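Nothing in this text is a laboratory measurement; each read-out follows from the coordinates by a stated rule. Remember, predicted model here, so these are calculated numbers, not experimental data. FYI the Cβ positions are ideal-geometry reconstructions off the backbone, even for glycines, and counts take in every protein chain you see.
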Amino acid sequence: MEEGDERSDEDEDYHYPSDEDEDDLSDEDEDDLSDGDGDDFFDDYENRYISPAYVRYKFEHDDPNLIKLKIGVQDYFPDPLKIGFQDYFPDPHDIDWERDGKSIGRNTHVRELSFCHGGLYPIVKKDFKTLFRGISCNRSIRKLIFENCDKFIFDGEVLSILTPFFKNNLNFECLKILGIDGASSMRCLLSTALAKFDTLKEFELAGISGDVEGSYLQALSGHPDLCELNLSPYGSLGRKECDHLAALLQNPKSKLTVLKLERIGIGDKEAVILATGLSGNSTLTDLDLDWNYNISGIGWKAIFATLQCQGCRLQKLSMLGCSINGDTVYPLANAVIRNTCLRSLGISFFKPNPLDLNGASTATGWRKGTGYREGTGWRALENALTNNSSLKRLDLRGLDEITMVGWQAIASILESPHSGLEFLHLTIYKSAGNDVEGAISLANSLIDNNKLKELVIDGIPPLSTSNCWAAFKHLVCDGTSIMATHHSNHTLEKVSVNDGRAPKDLRSLLRINRENSESQAARLKIIRHYFREGFTVQRFEDMEWKVLPRAIAWVGKDGSRGELNNHFYGFIRSMSALLFD
């Protein structure tokens, strides 16, 4: 308790939430908002739908408020929840390809243009080219996105048509080609187009079968300001592609900070090549290797070794959906200890069936019947996480049949004064029958933790039991005494257990934590729990005399200038009972 702690002007009229204040909860607390009935749906449609003719008028007349434009050609009615000023979803038969293309080409305010073909309506290739021939004159667009286009219309020739746009538009910095399974000719034209300009800062290629030569990656080396690269092809990334990617990473002029390689289907050989590139890179901060389940011990050891390199600046590493098991864990633990830059880590302890990514887990580690107790690798990882003060976010997936030993291992990480975790996400695919006890052990481990802000546990049967929620309520507001409430956890802001909604009283307490400093949160909880009907002297009877004056002043003040709470005058009148009994 601090005598000088005062609220800002914004908090002067603060109304701390009570059990009856459900309507006042923020949107973040109302995660299970209703989707609405049919009447709400059509009301929303009337309020948000903008006719294609009106959107066309806006981009034809260079409306300065039209910053993003999405052109959708489809034969079904668009979802009104996704319609706004920027969306142009005309009836396919009403499109004037040449007029629209030239209008967008003359526009000087549109910054982002997306083209998607989400329906079954066939587009004539000639019309598609006519549209983008007009768009090629534009000089304001910074981001261009092609999404789910038919490979027969998007065969790469449109990129050649856009050559004037690429070469003359110095504002252009982002190209995304998503969900298009193109032929080798398309990939060749892509490489040619990328080689004709050098302004890209972000490039994403998803849904295109692997390029044996990897020439488009070689072309990207000519873009010195490229900072984000996202590759998610169908099939696997070829070995030559990995060679070019490694060369791009090792380029001393590279500014690449984000590399997303989700589901690229690489194995150990390609992972070793990638590790070679990472070892010579000092700019990358975000690496996503999710769902590359063909990488085994050799590949992971090579990648984890790069994390220990002196020049490594990686802050985020995600390996969800991969197989991190056995002797792979020990080098990971060493990397976590030695890499002080790492802020976010995502790990999976299972190897899914390639044909069923949601299939049964074959996790080891903190699993019933496996070698956690004997496994030095798992103990090393636990020790590494326990003593890591730089890691802020931990995402653990595939904890199959976790035993109390495993729960206690996670609890020990949270109890450690050296742990810096602010977010913890656990996904447990199979219950071992002790999940409620395990969740309660996590709640108890947070009693002296002043860093964790969000805890998410999912994948297991619902834990919305009274004992489970009571443990978390006791954690954030211990009602046994005023001092116990003061020393409760005032840091935790959100708790989610298997998507279950926390009780109202717990949600309101978490809201107090989220919206206030720790000192102010403690004060509001004390007032709420002990003085809802006014101040009484009985609450202060057992306090030490040297603490008592400050405690009374701290609880009784109200407003930004420290003026007294209205109930405080009644308390003063009853002071004789405290002083002379």
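Taking 0.36 nm per residue of sequence separation and removing the Cα-Cα distance, the Asp63/Lys167 pair yields an extension gain of 34.9 nm. Gain on full extension, evaluated as 0.36 nm per residue between Asn467 and Ser344 minus their Cα-Cα distance, stands at 41.2 nm.
If you count Lys pairs in the stretch 121-182 whose Cα atoms are under 17 Å apart, skipping same-chain pairs closer than 8 places in sequence, the total is 6. Taken about its Cα centre, the stretch 412-495 carries a charge dipole of roughly 80 debye when the Cβ of each Lys and Arg holds +1 and the Cβ of each Asp and Glu holds -1. Full extension of the chain between Lys176 and Ile447 yields a length gain of 92.9 nm, computed as 0.36 nm times the residue separation minus the alpha carbon distance. Between the beta carbons of Gln310 and Glu157, assuming R0 = 51 Å, the FRET efficiency works out to 0.60 to the nearest 0.05.
Modelled this way, with points 7 Å down the Cα-to-C-beta line, the labels at Ser481 and Arg379 are 3.9 nm from one another.
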